[in-house]
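Enquirer: First the structure, which I've put down as structure tokens, then a few questions once you've had a look.
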Amino acid sequence: MAQWVRLCSVAEAPAVGHVQEAEVDGVAICLANVNGELSALDNWCPHRLGPLGQGWIEGDAVICPWHSWAFNMKTGQAEYPVHEHVDVFPLKVEGDNLLVDIE
Ligand code: FES
């Protein structure tokens, strides 16, 4: 069952090509804007728990700031040759607020 909670205001979301960290109800989230589309991933890289929200965007992936693993922002899948993935959280806009489903 979906559990929609307020992540931030739409105005606080990252600009195109930027990524930032956020936390809601104890869940750390990497929030990124790829080509004008927002995506939310689990913030912790499965390699050594690097903070993805402190990384950067290349193409449609966020790059971990510690050892440069790349994760697709839509699927959470790491790019070849890494066979790992992170959770992707659904997002929606309601009024001025950006909501995330952390269920
Ligand atoms: S902690 Fe993310 S690539 Fe190593």
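Read-outs throughout are calculated quantities, based only on the coordinates presented, and are distinct from any laboratory measurement. These numbers come from a predicted model, not from an experiment. Positions of Cβ are backbone-derived with ideal geometry, glycine not excepted, and every protein chain shown enters the neighbour counts.
Enquirer: How charged is the neighbourhood of Trp4? Take every other residue with its Cβ under 14 Å from the Cβ of Trp4, and add Lys/Arg as +1 and Asp/Glu as -1.
Expert: Here the count lands on -2.
Enquirer: Output needed: Cys residues of the chain lacking any neighbouring Cys C-beta below 4.7 Å, sorted by number.
Expert: Taking the Cβ cut-off of 4.7 Å, the unpaired cysteines of the chain are Cys8, Cys30.
Enquirer: Express the Stokes-Einstein translational diffusion coefficient of the chain in µm² s⁻¹, to the nearest whole number, given a Kirkwood radius over alpha-carbon pairs, 10 °C and a viscosity of 1.306 mPa s. Kindly include the intermediate steps, with their values, before the conclusion.
Expert: Details: Rh = 13.4 Å.
D = 119 µm²/s.
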